[in-house]
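The values are calculated or read from the model by the stated rules, or taken from the named source; none is laboratory data. The shown structure was predicted, so the numbers you read here are calculated from the model rather than taken from an experiment. So basically every Cβ, Gly included, is an ideal-geometry build from the backbone, and we count neighbours across all protein chains shown. These accessible areas exclude ligands, DNA and RNA; they are computed on the full protein's heavy atoms, side chains included. Shrake-Rupley method; radii C 1.70, N 1.55, O 1.52, S 1.80 Å.
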Amino acid sequence: MTGRVGIRVLVFLTLVALLATGVAGCRKPEPKPQAPAEIKPEDRILRMDEDWPTYIDPAVGNDFSDSIALVNLYDTLVFPNLDGSVRAHLATSWDVSPDGLKYSFHLRPGVKFHNGQEVTAEDVEFSMKRLLTIGEGFAYLFKNVSDVKAPDKYAVEFTLKEPFGPFIKALVRFYVLNKKEVLDHLKKPGQYGDMGDYGKEWLLTHDAGSGPYKVKEMKMEEYLLAEKFNEWWGGWDKDAPVYFKEFASPDPVTIRTLMARRETELTDEFQPEENLAALEKIEGVQTAGFFNGNNLNIMLHTKKPPTDDIHFRRALAYCLDYETVVTKIWPSCKQARGPVPHNLPGHNPNVYQFKRDLDKAREELKKSKYYGQLDKYPVTLSWCAEVPLEEKLALLFQANAAELGIKVEVTKKPFGAMIADAQSPETTPNASIVYVAPHYPEAGSILTSRYHSSTCGSWEQCEWLQNKDVDAAIEQALRTTDEQKRFEVYQKIQEMIVELCPTIWVLDQFEKRAYQAAYVYWPAGEAGKAGKSILPVMGYGVYAHDYRVYPEKKMELLKASK
């Protein structure tokens, strides 16, 4: 970063830092929090903010906040460990046919739904058929399921059209609903014939699950409040949260106020570094983090001028100042190497990594069909309003592109608007700054959700790549049941995608949150602080059942602050 452009970026970054931490301008002193007279059940609560909106229907939700809600409200057949492996959960065991086409699961007897009815194989069968019929959320993971049936009360069989190597791992995204309860809340007429709306309207604000928490109140535009399900089959620790609340992310200053007043326990993972530093100055608040298998991307629309030109895209990839990104904006993160995060099984550590090189950027730009008429082709870019740090990246990218004579038009958009824009190639901007996470702990998850043609129209693929060779290679990999051979195919796919340069792979995310360490135990955070290598699947890092909350310690903090 040199010259006037570099100075402009540094000045901007400084101003944003000041605004983010609330030190610019005069602010009134924050009122002192009050200690309660006595500890009540509602004081044993875990509250956190996250991106919004949140959809708690298992056949619809699939983003960060959705996943956090779903893993707490519903049970799955298998459950992910912090290291990325899976263990038995609703299913106690399973068998796989030699040809990899049939999976037989044996269910845990006596598991109760939140309304007291027992979980049976019939519910599992219903849940899969409902998911595949609706075809939203994580349905794409199970498109190879040709049949599912329940031969007896505690046995369920899945038949696949063709082998799907990561099938067991993918089941961490298959949530089991109460068939009877959903059928009792169908709205007719609806788009699913005899099934009416398949319960979609009711499941916007209610759950039909058996997970450790059940919906107490859901306000679509504001928050989800869930209450401990006392009869959960897995049992409870006496210090586990009684309530779990997920609410829409406010601005960083408000987050700091809520933490200081002990009115929230855990921040989202997108807080600016400056705000995290300010939060750490609050007594009892600490930060912790770990590489979570997510990455941050500038997705380039490959079907819209001028980013439809591969040389134009490569010019952009060579001009970004990655060093500033990972030293000034996200100092805990590391530059991404290709489309698969470095700690996700199946990552290719040798795939080509773009570095800032303005000479190469200019060489590529001269090969572009848009060279010489750049003023006619500005690059439109959207960043997510709920993630303030992305503005710094957007403006850094704008300044870097200006060094090549490329104009970038930056727009701040709520995540919901970005989701809507991504649904058609006409409304998708040239560039979209988006975090993505694997849906199951393996490279095939990222490669499919990000680059297979079946996922075009979702917020996870704003590139509209639609490349038949990439599609075929991904499908070949997923058909491969031998893990080592599957990973070899994954590595070749990463090389193919990097060659096409549909994305600027910015960084692998170091998920860093502030939390009330004085009275909250956060399992993933503690593992991260201990230097353990962990890979929590999206949403499972906030599995409230495994947290511990000590309101008596919180009371001591509040009394001491008077």
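Values as computed for the structure displayed
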item: Average accessible area per residue (Å²) across the chain - probe 1.4 Å, nucleic acids and ligands excluded; result: 39 Å²
item: Alpha-carbon centroids, the range 34-97 and the range 320-344: separation in whole Å; result: 28 Å
item: When each of Lys219/Lys529; Lys303/Lys392; Lys412/Lys492; Lys219/Lys303; Lys149/Lys188 is checked by Cα-Cα distance, pairs over 28 Å; result: Lys219/Lys529; Lys412/Lys492; Lys219/Lys303
item: Charge dipole magnitude, Cβ of K and R +1, D and E -1 - the range 162-273, Cα centre, debye nearest 20; result: 280 debye
item: Centroid-to-centroid separation of the range 111-157 and the range 413-431 [C-alpha atoms, Å]; result: 32 Å
item: Environment charge at Asp237 (Cβ cut-off 14 Å; Lys +1, Arg +1, Asp -1, Glu -1); result: +2
item: For the range 454-562: rounded, prolate or oblate by the Cα gyration tensor [a/c cutoff 1.5]; result: prolate
item: Two-decimal log10 I(q)/I(0) for the range 385-497, as the Debye equation yields it once each C-alpha is a single scatterer, q = 0.23 Å⁻¹; result: -1.21
item: For the chain, the spread of Cα positions along each principal axis, largest first, Å; result: 69, 66, 47
item: Karplus 3J(HN,Hα) series, Hz, for the range 162-179 with 6.51 cos²θ - 1.76 cosθ + 1.60 (x for Gly, Pro); result: 8, x, 10, x, x, 3, 4, 4, 5, 5, 5, 9, 9, 9, 9, 9, 7, 4
item: Square roots of 5 times each gyration tensor eigenvalue, C-alpha, the range 322-382, largest first, Å; result: 29, 16, 12
item: GluC sites (Glu not before Pro) restricted to DSSP loop in the range 264-355 with at most 14 other C-beta within 10 Å; result: Glu283
item: Dipole moment magnitude, nearest 20 debye, the range 291-407 about Cα centre, only Lys, Arg, Asp, Glu C-beta charged; result: 300 debye
item: Kirkwood Rh, Cα atoms: Rg over Rh of the range 264-410; result: 1.02
item: All-pairs Cα distance distribution in the range 265-309, expressed in whole percent, bin size 10 Å; result: 19, 35, 18, 17, 10, 1
item: Kyte-Doolittle mean at least -0.5, axial Cα span of 15 Å or more - DSSP H helices of the chain; result: 3-21, 121-134, 389-402, 468-479
item: Carbon/sulfur fraction of accessible area - the chain, other protein chains in place, 1.4 Å, %; result: 50 percent
item: Sites Lys407 and Glu222 - FRET efficiency at Förster radius 45 Å, r taken between beta-carbons, to 0.05; result: 0.75
item: Estimated [θ] at 222 nm from DSSP helical runs (n ≥ 4, -39500 (n - 2.57)) normalised by residues in the chain, nearest 500; result: -9000 deg cm²/dmol
item: By average C-beta atoms within 10 angstrom, highest first, the peptides 96-105, 245-254; result: 245-254, 96-105
item: Relative contact order (%) - the chain, alpha-carbon pairs under 8 angstrom, separation at least six; result: 22 percent
item: For the range 448-513 and the range 166-221, distance of Cα centres in Å; result: 30 Å
item: For the chain, size of Cβ-based charge dipole, Lys and Arg +1, Asp and Glu -1, in debye; result: 1060 debye
item: Those GluC sites (Glu not before Pro) in the range 415-516 that DSSP places in a loop and that have at most 12 other beta carbons within 10 Å; result: Glu426
item: Highest to lowest packing among 171-177, 416-422, scored as the average C-beta count within 10 Å; result: 171-177, 416-422
item: Accessible area of Lys149 in the full protein assembly, 1.4 Å probe (Å², nearest 10); result: 100 Å²
item: Prolate/oblate/rounded label for the range 157-223 (Cα gyration tensor, a/c 1.5); result: oblate
